[in-house]
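The values are calculated or read from the model by the stated rules, or taken from the named source; none is laboratory data. Values in this document were obtained by computation on a predicted structure and should not be read as measured data. Backbone-built Cβ (ideal geometry, glycine too); neighbour counts: all protein chains shown. The protein model used for the area step is the full one, side chains on, heavy atoms only, and it has no ligands, DNA or RNA in it. Shrake-Rupley method; radii C 1.70, N 1.55, O 1.52, S 1.80 Å.
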Amino acid sequence: MAGNDLPGALAGIRVVELAGEASAFAGQMLAGMGAEVILVEPPGGHHTRDFEPFLADEPGPERSLWWWHYNSSKLGVTLDLEKEADQERFSSLVATADVVLESERPGRLSDLGIDHDMLRADHPELIWVSLTPFGRSGPRSQEESIDLTVLAAGGPVWSCGYDDHAISPQRGGGNQGYQTGSIFAVLSAQTALLARDRTGQGQFVDVSLHAAANVTTEFGSVQWLVAGDEVQRQTGRHAAVEPTTFTRALSADGIDVNTGFPPRSARDFSVVVEWMESLGLKDQFEEFFFLEMGAQLEEDLHLSQVGQDPEVTAMFGAAREAVRFIAQNITAYEFFIGAQERGLAVGIIYSPEEVLADPHFKERGFPVEVEHEDLGRSFTYVGAPYIAPKSPYRIRHRAPHVGEHNQILEALS
């Protein structure tokens, strides 16, 4: 991609990251933005090196794909923070940093004498970012938590699942609880860096994983706090107090698609009419008349009228079914591209492999090859989540081996 030889937005910034499951994604993003991220592990490696899956299903500290993904572009050193000598080395390393990132149990670093208030005393310009389940202080600060409980107690799980409520709520996969908190950690670190440019002072950033998850519940929390109503989970669409119309369809090639929100304006009705006519489906759709009515609208349909006004209800229902009918008669990709060309928001329900193979994502450079010189080959990774040509986000190298960059510590002696 153009501009890939330019430095990232955080080039010149050093981050010291204490290896942790909850904060790994934050460190990965900071490294992708160009920061030098030095990952501190215990001797022998952090326990997340044992996370599945493994390359060729063969376990090993350098073969965890979880480790590869979350620690790409980082440098790795080992320290035993329970030992005084390594506590001093850690303090010396922190003294060279702009940002410290950690997700340790509240109180552990203080007990070791290497917490933010101790190390920032001599380095007031240092920014310290902490991710914990409920924040560093408060009555729940010492409670244990995992990604599942972050999502459950934070609220998103209540809204995720199926129309059939005999099926239990579903947790979103891929460490979404930890990743949500990590996104807030990265935004906060960047904000603190900007503030330091103006004031010369660093600050302590205290991220609550559960609070971060709760911000993502959309209608769920607000609906309860304002109206006392509970939203109900639905298959493939937003949770709502009242059920909304089903949005999934099976395309002609057997791939599921989401038909999105139905047309409500004359313009949108017109493009659906045109689309059905171009596909030769007009005469097969019994409610085509209501689509033509919608194309003559002077004002957009209002959802409040659905179920109240017979004509509005008929047009709205016809629009929903027309988009579904189109999807069922063409391939998933034809449906997606056809809708995009007409300004209609729909989506294909992809597997991870299909995402990486999609021509759009390939054109954006989302799949990238990362060289593993130790294994004599490259592997396909997910790349930049955004494009910033003048400050590109990129994976610079594979994740570190255990203690691979301990010379950084030796240079501090």
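Observations, loosely collected:
- Looking only at the stretch 110-140, residues that are in contact with a helix residue (DSSP H, G or I) (Cβ under 9 Å, 6 or more places away or on another chain), without any contact (Cβ under 8 Å) to a residue 40 or more places away in the chain and not in a loop (DSSP other than H, G, I, E, B) come to 4 in all.
Residue-by-condition table, conditions (1) in a helix (DSSP H, G or I); (2) touching a Lys or Arg at 6+ places or on another chain (Cβ under 7 Å); (3) not aromatic (F, W, Y):
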position: F335; (1), (2), (3): yes, no, no
position: A339; (1), (2), (3): yes, no, yes
position: A345; (1), (2), (3): no, no, yes
position: Y350; (1), (2), (3): no, no, no
position: L356; (1), (2), (3): yes, no, yes
position: F361; (1), (2), (3): yes, no, no
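- Entry remark, the stretch 396-413: residues being part of a loop (DSSP other than H, G, I, E, B) and either touching a Leu at 6+ places or on another chain (Cβ under 7 Å) or open to solvent by less than 40 Å² (accessible area, probe 1.4 Å) (or both) number 5 in total.
- Scanning the stretch 238-250 for residues that are open to solvent by less than 40 Å² (accessible area, probe 1.4 Å) and farther than 14 Å from R320 by Cα gives A239, A240.
Yes or no, residue by residue, for (1) surrounded by fewer than 21 Cβ atoms within 10 Å (Cβ to Cβ); (2) part of a loop (DSSP other than H, G, I, E, B); (3) among the polar types (S, T, N, Q):
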site	(1), (2), (3)
P7	yes, yes, no
V16	no, no, no
A22	no, yes, no
Q28	no, no, yes
A31	no, no, no
G34	no, yes, no
V40	no, no, no
P43	yes, yes, no
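- The set of residues in the stretch 211-236 being surrounded by 18 or more Cβ atoms within 10 Å (Cβ to Cβ) and either free of Cβ contacts under 8 Å to residues at least 60 places away in the same chain or among the basic types (K, R) (or both) consists of A212, R233.
- Scope the stretch 251-269; condition closer than 28 Å to E299 by Cβ and open to solvent by 50 Å² or more (accessible area, probe 1.4 Å); matching residues: F261, R264, R267
- Tabulated pairs, the stretch 52-66, first of a type in the set (G, A, S), second surrounded by 14 or more Cβ atoms within 10 Å (Cβ to Cβ) and in a loop (DSSP other than H, G, I, E, B), C-beta under 8 angstrom, 6+ apart or interchain: A56/R63; S64/F51
- Filtered residues of the stretch 160-183 (kept if open to solvent by 50 Å² or more (accessible area, probe 1.4 Å) and part of a helix (DSSP H, G or I)): Q176, I183
- Qualifying positions in the stretch 233-248 - modelled with pLDDT of 85 or more and closer than 29 Å to F335 by Cα: R233, Q234, T235, G236, R237, H238, A239, A240, E242, P243, T247, R248
- Just one of the numbered conditions (1) touching a Lys or Arg at 6+ places or on another chain (Cβ under 8 Å); (2) part of a helix (DSSP H, G or I); (3) surrounded by fewer than 23 Cβ atoms within 10 Å (Cβ to Cβ) is not true of D86: (1).
- Sole residue being part of a helix (DSSP H, G or I), within 18 Å of the chain's Cα centre (by Cα), of a type in the set (A, V, I, L, M) and more than 22 Å from A19 (Cβ to Cβ), chosen from V186, V157, V150: V157
- Residue within the stretch 375-395 that is in a helix (DSSP H, G or I), touching a residue at least 40 places away in the same chain (Cβ under 8 Å), open to solvent by less than 40 Å² (accessible area, probe 1.4 Å) and not polar (S, T, N, Q) present: no
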